[in-house]
Amino acid sequence: MTEETYGIGEGPATRVSLSLPEGTAEAIRARAGKGEFSAFITAAVERELRGRILDEYLADYEQRLGPVSEKARERARQVFDEVFAEEERWPAAS
């Protein structure tokens, strides 16, 4: 049996347990609408992962080649967003 690797946002849904402060959960319910709680959480987690992946890439780049200017950092974020929007695929979770 082979273990399949999925990119972020891919694969079948899997049930997980999540604990949130009640105020946070209520704010999500108020904004997400009925039956959309999981979709709201999924979107938030995927945004966080995308940011962390970019931060990891920039840290690696800076370690190898030196500091990145704020202008170059913002451009990297734009390019990163464009690439993944075009490919409609996130990198595999690692």
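Read-outs: derived from the displayed coordinates by stated rules, not from any lab. Computed from a predicted model, the values in this text were never measured in an experiment. We place every Cβ from the backbone using ideal geometry, glycine too, and count neighbours over all the protein chains shown.
Would you mind working out the magnitude of the charge dipole of the chain relative to its Cα centre, with +1 at each Lys and Arg C-beta and -1 at each Asp and Glu C-beta, to the nearest 20 Debye? Write out the running numbers ahead of the final one.
On the way: 13 positive and 19 negative charges, 62 e Å.
In total the dipole reaches around 300 debye.
Each label point was placed 7 Å from the Cα along the Cα-to-Cβ direction; for Arg73 and Ile41 their separation is 3.1 nm.
Put a dot 7 Å past the Cα of Leu65, heading toward its Cβ, do the same for Val16, and the two dots end up 3.2 nm apart.
According to the calculation over all Cα-Cα pairs in the chain, the P(r) per 5 Å bin from zero is 2, 10, 16, 19, 15, 15, 12, 8, 3, 0 %. Projected label points at Thr5 and Glu26, each 7 Å from Cα along the beta carbon direction, are separated by 4.4 nanometres.
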